[in-house]
Every structure is written in C-alpha cells, then in structure tokens.
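Here the structure is laid out as structure tokens; the discussion comes afterwards.
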Amino acid sequence: MNKIAFRADGGEEIGMGHMMRCLALAKAFPAGIKVYFITKDNQSVKALLKRKNIEILSIDKKLSINDEIKSVKELILSNKINILITDSYQIDREYLLKLKKVVGKLVSIHDSDPFIFPSDMIINGNIYASNLDYNSKGAELLLGNKYTLMREEFANLPHKKIQKKVDNILVTVGGGDPLNLTPKILASLARLSKENRNDLHIDVVIGPSFNNIAEIIEIVRSIDLEISLHFKIKKMSQLMLNSDLAISAGGGTLYELAACGIPAIVLLQAENQILAAEKMDQKGSIINLGFGDQIELEELISTIGEVIKDFSKREEMSRIGQQLVDGLGAKRCVRKILSI
C-alpha cells in the first residue's frame with residue numbers, strides 16, 4: 001500500500017494557502033492510500049486537519065533547519081512513507097536532497113523562483129507557471145492551470161448565469177487576514193451609493209487564522225447592511241455560486257472563484273499572490289487593485305460601484321474565469337503521481 005506524506009505548514013503569519021491546496025490533492029487520492037501531514041505544531045492547522053480526518057505527524061516549530069530535516073527523515077522512515085509531497089517556501093534544494101535519500105518518490109509543489117529541483121515531479125498549477133524557467137533534469141513538470149490544485153467541489157461546475165442586478169457580494173480574504181482587509185472592505189461597502197446598496201446582502205468568510213474577529217463583529221453591528229458571517233465553511237463552492245460578485249484576496253481563492261464563474265475585485269495580501277493576480281487581470285477574469293493595505297478607500301468604493309453597474313463586464317469576467325479553470329487539476333496530478 002502506498003503511504004503518502006505532505007510536508008506543509010500554515011498559521012496566522014503565513015496563512016493557510018499551502019495547507020488548503022495540499023488538502024485538495026490529498027483528498028483526490030483513491031481509497032486505500034494512507035495519507036499523513038508532516039507539519040509544524042499549530043492549533044489552527046491541527047483543527048483543520050482533524051476536521052478532514054487526516055493523520056498529523058507534528059514537528060516542533062522551534063527546531064533549527066537541520067534538526068527539522070532530521071525529524072522529518074525519522075518520521076518518513078518510522079511510518080514507511082514512500083511518496084513525499086512538499087509545499088513550503090522554507091524548503092530549498094539542500095533540504096530536498098537530504099529527504100530524497102530516505103523516500104522512494106519526491107514531489108514538490110512550487111510557486112515561483114525556480115531552482116534546480118532534485119524532485120521526481122514538480123507541480124505548479126498557477127496560470128503563469130509555463131513562463132517560469134524550470135531547469136530540473138529528470139523531473140516531470142506539471143505546469144499551468146490545467147494542474148491547479150482544487151477540491152472536488154470545484155470540478156466541472158455548470159455555466160454561471162450572471163444576474164443584471166448584484167444582490168449578493170462575497171467577502172473572502174483567505175485563512176487569515178494579516179493586513180486587516182475585511183474591516184476595510186466592509187467600510188467601503190457601507191459607503192456605496194444608495195442605488196448600489198439597495199437590497200444588498202454581504203457574506204463574509206472568517207478564516208481559521210483570523211485575529212480580528214472582534215473588530216469585524218463591531219463593524220458589522222455598526223453599519224446598515226445585511227451581513228452574514230461564516231465560520232468553518234463546509235462547502236465554499238456553494239457560497240461562491242450564490243454570489244454575484246466577490247471581493248477577495250489573491251492566492252488559491254482566485255482559481256476557485258474562476259471555476260465558479262464569479263467576477264472578483266482583488267486586494268493582494270502577500271508577494272506570492274502578485275503573479276497570478278496580474279495574469280488573471282490581463283486575461284480579464286478579475287480586477288486586480290494591488291496590495292489591499294495600499295488601496296485608498298475611495299478607490300475601492302469607486303471600483304465596487306463601477307463593477308456593480310457594469311453587467312456586461314461582469315458577464316465577460318465570469319465567462320473568462322470558467323474557461324480558464326475546470327477544477328480537475330488535483331485528479332490530473334494524482335494520476336501522474338501514482339504513475340511515477
């Protein structure tokens with residue numbers, strides 16, 4: 001029996017993006033394959049993995065890099081792991097070379113700044129991946145949005161019919177909100193014109209690593225809008241499909257919104273979100289406003305108002321998004337991984 005381990009981390013500082021795409025891939029493996037997550041000790045991550053019934057192999061987050069590698073190697077050997085999948089910006093070539101000695105097959109999920117990987121396979125499901133120079137002889141390359149790692153709920157979704165009137169707006173900034181964007185977005189929605197606010201309902205996603213929940217609740221109570229806060233969402237696709245427009249951070253959420261056909265106004269939270277947002281903006285599936293903490297409130301209010309009024313623009317954004325992403329990337333990756 002194949003035993004597969006993922007080496008990835010998440011939390012308040014780095015967000016949950018790595019964990020979410022690894023979980024999407026983990027859940028795409030067929031029954032009978034044992035899956036573990038080797039991860040630094042973090043309560044938000046542990047709670048997430050337990051809800052997904054994933055076995056956790058914890059490592060001390062205070063370890064030096066050399067001691068961490070030693071700990072990971074011991075876990076691989078003691079649990080007889082034969083396929084290791086890594087997804088971390090902290091893992092470099094030397095780290096991978098040392099792990100390669102103790103595992104049958106090594107797969108690396110990667111975003112940008114390629115180095116010479118010793119891995120058997122490299123997965124970069126980002127829309128810009130084919131433009132990167134991967135100089136890794138012998139590694140099988142799975143590049144581009146054909147291989148975007150997404151949960152099964154986003155696979156082969158029906159055509160999204162865009163309504164002329166925007167009644168539902170989704171606010172989602174990921175697993176954490178390090179730039180405190182959710183209060184800023186809510187403040188901008190509160191200041192929309194009466195015409196644009198009429199009968200408007202707002203769905204706000206609260207991620208597991210939010211540390212500004214009290215502030216968000218206070219704002220919700222203070223503004224005259226119909227707002228629902230959503231914690232521990234079981235089916236994100238349903239919340240997206242019920243929306244007419246999304247205001248979102250960058251990262252993997254952009255691919256989910258594209259698969260659902262939801263037009264999105266995007267505020268970035270991290271450097272690693274730039275390339276995908278710029279490319280998707282060029283393609284026409286999103287409107288990228290850049291880093292959310294640098295956007296003036298008036299610009300955000302103006303952009304939201306313009307998009308609400310422009311039915312043809314929203315219709316075009318929806319169509320382009322669903323053409324770009326079909327949600328089958330994880331299944332394609334699993335077939336490739338099991339064949340190496």
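Over the chain, the reciprocal of the mean inverse Cα-Cα separation, the Kirkwood hydrodynamic radius, stands at 20.7 Å. With neighbours defined as other Cβ atoms within 10 Å of a residue's Cβ, the residues Thr253, Thr39 order from fewest to most as Thr253, Thr39.
When the chain is treated as a Gaussian network with alpha carbon springs shorter than 10 Å, the biggest mean-square fluctuation among Ser222, Ser318, Ser108 belongs to Ser222. Scanning the chain for GluC sites (Glu not before Pro) lying in DSSP loops with no more than 14 further Cβ atoms inside 10 Å, the longest uninterrupted stretch between such sites is 14-295. Out of all Cα-Cα pairs in the stretch 168-324, roughly what percent, to the nearest whole number, are more than 24 Å apart? Roughly 25 percent, once rounded to a whole number. For the residues Phe29, Phe117, what sequence is obtained by ranking on other C-beta atoms within 10 Å, fewest first? Sorted ascending by nearby Cβ count, the order is Phe29, Phe117. Close amide H pairs (under 5 Å, H built 1.01 Å from N) link Glu140 with Met121, Ile122, residues at least 5 positions away or on another chain. In terms of surrounding Cβ atoms within a 10 Å radius of their Cβ, Tyr147, Tyr89, Tyr134 rank from fewest to most as Tyr89, Tyr134, Tyr147. Here the sum of -39500 (n - 2.57) over DSSP H runs of 4 or more residues, divided by the residues of the chain, equals -10500 deg cm²/dmol at 222 nm, to the nearest 500. Amide H contacts of Gly290: Leu268, each under 5 Å away and 5 or more positions distant or on a separate chain (H built 1.01 Å from N in the peptide plane; Pro and chain starts excluded). Residue by residue, the stretch 47-52 carries 3J(HN,Hα) couplings of 4, 4, 5, 5, 5, 8 Hz when phi is fed to the Karplus relation 6.51 cos²θ - 1.76 cosθ + 1.60 (θ = phi - 60°); x denotes Gly or Pro.
Ranking Thr148, Gly175, Ile227 by how far each Cα lies toward the positive end of the dipole of the stretch 110-236 (charges on Cβ) leaves Ile227 at the top.
Listed values for the stretch 139-148 are Karplus-derived 3J(HN,Hα) couplings in whole Hz (6.51 cos²θ - 1.76 cosθ + 1.60, θ = phi - 60°), namely 8, 7, 9, 10, 10, x, 5, 5, 10, 4, and x replaces Gly and Pro. Dipole size of the chain about its Cα centre, with +1 on Lys/Arg Cβ and -1 on Asp/Glu Cβ: approximately 1760 debye, rounded to the nearest 20.
Read-outs throughout are calculated quantities, based only on the coordinates presented, and are distinct from any laboratory measurement. Please read these numbers as outputs of a predicted model, since none were measured by experiment. Cβ atoms come from the backbone with ideal geometry, glycine included; neighbour counts cover every protein chain shown.
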